[in-house]
Amino acid sequence: MNYFELFEIPVQLKVDRNSLPLKYFELSKKYHPDYFINESGEAKAEALERSALLNRAFKTFQNPDETIKYVLQIKGLLEEEEKYELPPGFLMEVLEINEAMMDGSEAGGGWRAEEDGTILPMIDKLQAEIYEPVKEIVEQYKDGITSEEELLQVKEYYYKKKYIDRIRQQLSA
């Protein structure tokens, strides 16, 4: 059973996070191991497994990037620790951002995102640029209708976004 089946929702790249908590609490009550105390060992084990699956699913659905990753994995298009080669043009843009960060840290002895008005807008602009080509695919995804080619575009977006997120983490460190 995958996360979408568990939550009784269609496979999608963008889950409505506002409706999830209610369904999560409903399923939590249904599968909570405490309700299976008087059941067989097999029923207890299944309840425990479903409860753990429910928690993982809810955590995944709370994070849009993790939801995209999960869908790509269940579609067989993404593997753990996959070495994905990003386009050189994107890598050059990231290099420019990294150089701007290095220039700022060398000049002042310590770089802070809030002190520099250029880095964050560069990152935001790049993130918007990489999302725009896949926005409709992510927001309008239909299982069985969206093509593998479109999902591969989402995969490239996913890896680019991971790169940008690492830069953001460096900024906040």
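The values are calculated or read from the model by the stated rules, or taken from the named source; none is laboratory data. The structure presented is a predicted model; accordingly, all values stated were derived computationally and were not measured. We place every Cβ from the backbone using ideal geometry, glycine too, and count neighbours over all the protein chains shown.
Some observations on this one:
- Counted as qualifying within the stretch 114-172 are the helices (runs of 4 or more DSSP H) with 3 or more residues that are at pLDDT below 95, namely 119-131, 148-172.
- Looking only at the stretch 65-86, and only at residues there that are outside any helix (DSSP H, G or I) and touching a residue at least 24 places away in the same chain (Cβ under 8 Å), the one that is nearest to the chain's Cα centre (by Cα): 78
- Verdict on residue 96 being assigned to a helix (DSSP H, G or I), in contact (Cβ under 8 Å) with a residue 12 or more places away in the chain and loosely packed, with under 13 Cβ neighbours inside 10 Å: yes
- When the residues of the stretch 16-52 are filtered to those that are among the charged types (D, E, K, R), surrounded by 13 or more Cβ atoms within 10 Å (Cβ to Cβ) and in a helix (DSSP H, G or I), the one that is nearest to the chain's Cα centre (by Cα) is 23.
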